[in-house]
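The values are calculated or read from the model by the stated rules, or taken from the named source; none is laboratory data. Bear in mind that the values here come from a model prediction, so they are computed numbers and not experimental data. When we count neighbours, we look across all protein chains shown, and the Cβ atoms used for this are built from the backbone with ideal geometry, even at glycine. When the accessible area is computed, the model is the full protein with side chains, heavy atoms only, and any ligands, DNA or RNA have been set aside. Shrake-Rupley method; radii C 1.70, N 1.55, O 1.52, S 1.80 Å.
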Amino acid sequence: MKYDCLIIGGGVSGLTAALVMAKNGYHTALLESSRKTAPTIRGFKRQGLFFDTGFHYTGGLSDGEPLDIFFQYLGLSGKIEKYPFDENGFDTFRCLEPNFEFPFPYGYNRIRERFSKRFPEETKAIDEYLNAVKHVYHSQSYINLDIDTNNPGLSVVHGPSLKEFLDRITDNEMLKCILSMHCLLHGVAPEEVSFFSHALVAGSYYESVYGIKGGGFSLAEAFDARLKELKVDVFCNREAKEILLSGENELSGVMCGDKEILYCEHCISTIHPQQLLAIVPHSAFRPAYRKRIEALEDTCSAIMVYVKTVPPLKEIERANLFLFPSPSFPDPCAADPIDKRPMFIARARQDEGKAFEEGCIIICPEPHTGTEYWSTLFPTDDPDAYQSYKHDMTRRIITHIETSCPEFKGRITHVESATPVTLKRYTNSPRGGIYGVKHKIDQYNPMAATRIKGLFLAGQATTAPGVLGAVVSGFLACGNIIGHEKLREELKACI
Ligand SMILES: Cc1cc2nc3c(=O)[nH]c(=O)nc-3n(C[C@H](O)[C@H](O)[C@H](O)COP(=O)(O)OP(=O)(O)OC[C@H]3O[C@@H](n4cnc5c(N)ncnc54)[C@H](O)[C@@H]3O)c2cc1C
């Protein structure tokens, strides 16, 4: 059996690519090493609650916005139910020292108005920042279908950094910290991330913010149902082990863990680029390319604490809480003491009508497992040491939240915790980096096309992190095969 297209990795980018290819008549198969597709976003249930893992909310999903158009094209729109976050404050910024709170609204006019009211001296800086974010976000070929482009994608992202941009327009440290808070949605510090990469992620949230009823699980199920309708062969529990080549660096198939070979004409790999290197014959890529991929740095990882809150917390009903110790943005990759780290708190959902129980998810950045911190933390592979680390970090995070946020005091019960090791295991990422590869200044940005004829790359490493970034990466890779103009015209027809 020979497939027209084989997708490696069943995360959001791989699922997107599989649907696009199948919809365009390509006989398509998808390989996912986990038990089920979309392990990153599928979430889990405990004690009557559903806890999301890799998806809490998204930008760009309002009617007619890019993600809405993609979901319509993919046939997912009728299978999910979206709901808006609070337009007057979808994310609440809270600084602990000095005490300062700012509900971040969405919609450019609302954002401008709210900021100008709180920072009346800074109107010019706020305008400049917002105009620049909007410009960058709308300069992307799959975000703005009206622009003319033959060359979607960038191989290197240059400066200025977000920090340099903000330092140039204002001296107000609190304002800079608020405008940087969404760095937690891509995992790169303001001094390392280019203004451009930051704007690609933050820009989508500034226009509209939605959740999906049933969270990441519902989205994963919608993808699965659509794969079935389009007759994509899905192989879960199947790991791609080797990319097979024939002739002049030309793809012929993929060998799986069970030694079965799936022959194919095209292959789209959505796995971490360094994992791809391990399964491609050494001579297939130029040494310089290998070196650039080997040198890619990952984003930070995280400790996630899943808790029950009784009674439900109104404060995070339709908004998340971003907690900062002070107005200077801490490096999310640093192993700072817990009370010096930024944190993100999102609401968990009831599982089938347990009316009085709700919960939340606390995400605290932690260095990924490839760092020196981990080698000193766990010099030996000791399960007891790991359990005591997990327990200790959970206790410290809960204590910090209870002492610094009065609305949580005495109202939370611990349910479950996850660490960088958990992320590594469940999402099959090499070091448990929360958003995979860093999109940082001057670091190589892997492109969709490769030197191997028939092999293309997608995934958060190639575009931007987040569900929107992963979906765009799927379209970009398919556009290399099907033709970008054809795909973009078909997308336009969904508006
Ligand atoms: C804690 C957390 C919270 C997040 N919150 C949000 C949020 O609120 N909103 C948002 O938009 N985004 C969020 N994200 C980011 C978002 O989930 C990711 O950017 C996106 O899901 C990445 O999709 P992907 O397809 O690029 O990668 P992945 O989901 O990593 O997909 C790659 C797949 O490849 C599989 N794989 C690996 N190796 C092999 C192999 N050899 N053979 C076969 N399969 C293989 C893996 O199992 C995996 O399923 C969050 C992420 C995390 C971790």
Quiz item: residue 155 is checked against (1) touching a strand residue (DSSP E or B) at 6+ places or on another chain (Cβ under 8 Å); (2) open to solvent by 10 Å² or more (accessible area, probe 1.4 Å); (3) at pLDDT 95 or above; (4) farther than 25 Å from residue 330 by Cα and fails just one. What number does that condition carry?
Solution: (3)
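Conditions (1) in a loop (DSSP other than H, G, I, E, B); (2) polar (S, T, N, Q); (3) within 18 Å of the chain's Cα centre (by Cα), marked per residue:
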{"residue": "370", "(1), (2), (3)": "yes, no, no"}
{"residue": "403", "(1), (2), (3)": "no, yes, no"}
{"residue": "417", "(1), (2), (3)": "no, yes, no"}
{"residue": "425", "(1), (2), (3)": "no, no, yes"}
{"residue": "446", "(1), (2), (3)": "yes, no, yes"}
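Each row is one residue, and each column tells you yes or no for (1) in contact with a Ser or Thr (Cβ under 9 Å, 6 or more places away or on another chain); (2) within 28 Å of residue 417 (Cα to Cα); (3) open to solvent by 40 Å² or more (accessible area, probe 1.4 Å); (4) of a type outside the set (Phe, Trp, Tyr).
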| position | (1), (2), (3), (4) |
| --- | --- |
| 50 | no, yes, no, no |
| 55 | yes, yes, no, no |
| 99 | no, no, yes, yes |
| 116 | yes, no, no, yes |
| 120 | no, no, yes, yes |
Exercise. Among the helices (runs of 4 or more DSSP H) lying completely within segment 213-309, list those that include at least 2 residues that are within 16 Å of the ligand (Cβ to nearest atom), open to solvent by less than 10 Å² (accessible area, probe 1.4 Å) and touching a helix residue (DSSP H, G or I) at 6+ places or on another chain (Cβ under 7 Å).
Key: 215-229
Quiz prompt | Residue in segment 195-208 that is within 16 Å of the ligand (Cβ to nearest atom), open to solvent by 10 Å² or more (accessible area, probe 1.4 Å) and more than 15 Å from the chain's Cα centre (by Cα) present | solution = yes
Quiz item: Which condition number does residue 423 fail, the rest of (1) more than 8 Å from the ligand (Cβ to nearest atom); (2) in contact (Cβ under 8 Å) with a residue 12 or more places away in the chain; (3) open to solvent by 20 Å² or more (accessible area, probe 1.4 Å); (4) not polar (S, T, N, Q) being met?
Solution: (1)
Exercise. Just name the residue that is nearest to residue 425 (Cα to Cα) out of those in segment 45-64 that are outside any strand (DSSP E or B) and away from the ligand (no atom under 11 Å from the Cβ).
Key: 47
Quiz item: Which of (1) within 16 Å of the ligand (Cβ to nearest atom); (2) open to solvent by 10 Å² or more (accessible area, probe 1.4 Å); (3) within 21 Å of residue 220 (Cβ to Cβ); (4) touching a residue at least 60 places away in the same chain (Cβ under 8 Å) is the odd one out, the single condition residue 68 does not satisfy?
Solution: (4)
Quiz item: Within segment 28-44, is even one residue open to solvent by 20 Å² or more (accessible area, probe 1.4 Å), in a loop (DSSP other than H, G, I, E, B) and more than 11 Å from the ligand (Cβ to nearest atom)?
Solution: no
Quiz prompt | Qualifying residue in segment 380-387 (condition: open to solvent by less than 70 Å² (accessible area, probe 1.4 Å), among the acidic types (Asp, Glu) and not in a loop (DSSP other than H, G, I, E, B)) | solution = no
